[in-house]
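First comes the structure, then the notes that go with it.
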Amino acid sequence: MGETLDQCLVRELKEETGLDIRVGDLLYITDRILPDNHVVHIAFLVERTGGSLLTEEELHAKKETVRKAEMVPLDRLAEYGFTSKWHELAKSDFPGRGSYKGDYVKFYGGQ
């Protein structure tokens, strides 16, 4: 409560990955309405400014919900559950960034 989106993102990424970041452009906003909840997906471009990735042991000790944090090449995104649409967007520098794209599944593909 009382944090801006960028303040929250900086804090959460530090807590859950160990990385210090600078928040850049808003990429997209989508939402997903399910029978029992409504999820708003807000994607930002971020730049790593410092810190180091927490190890699996450190994450476990902090009882974080994130189990592992890793930097991976764009070409490996599918191995981590990202859709081909997300991969295409990332490779093309997120055209149309900064706008509302409607339904998450319709925009990103997948489930």
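Taken together, 85, 62 contain a single residue that is basic (Lys, Arg), surrounded by 12 or more Cβ atoms within 10 Å (Cβ to Cβ) and in contact with a helix residue (DSSP H, G or I) (Cβ under 7 Å, 6 or more places away or on another chain), which is 85. For region 33-55, which residues satisfy the criterion of being of a type in the set (Asp, Glu) and either in contact (Cβ under 8 Å) with a residue 60 or more places away in the chain or closer than 24 Å to residue 22 by Cα (or both)? Residue satisfying the conditions is 47 alone. Of all the criteria given as (1) modelled with pLDDT under 95; (2) within 14 Å of the chain's Cα centre (by Cα); (3) surrounded by 13 or more Cβ atoms within 10 Å (Cβ to Cβ); (4) more than 18 Å from residue 102 (Cα to Cα), the one not satisfied by residue 54 is (2). Residue pairs whose Cβ atoms lie under 6 Å apart, sitting 6 or more positions apart in sequence or on different chains, and linking a residue in region 93-111 that is at pLDDT 90 or above to a partner that is aromatic (Phe, Trp, Tyr), are 101/28; 101/107. When residue 58 is tested against (1) of a type outside the set (S, T, N, Q); (2) touching a residue at least 40 places away in the same chain (Cβ under 8 Å); (3) within 30 Å of residue 93 (Cα to Cα), just one condition goes unmet, and that condition is (3).
The values are calculated or read from the model by the stated rules, or taken from the named source; none is laboratory data. No experiment lies behind these values; they were computed from the predicted model shown. Here the Cβ is made from the backbone with ideal geometry for all residues, glycine too, and neighbour counts use every protein chain on show.
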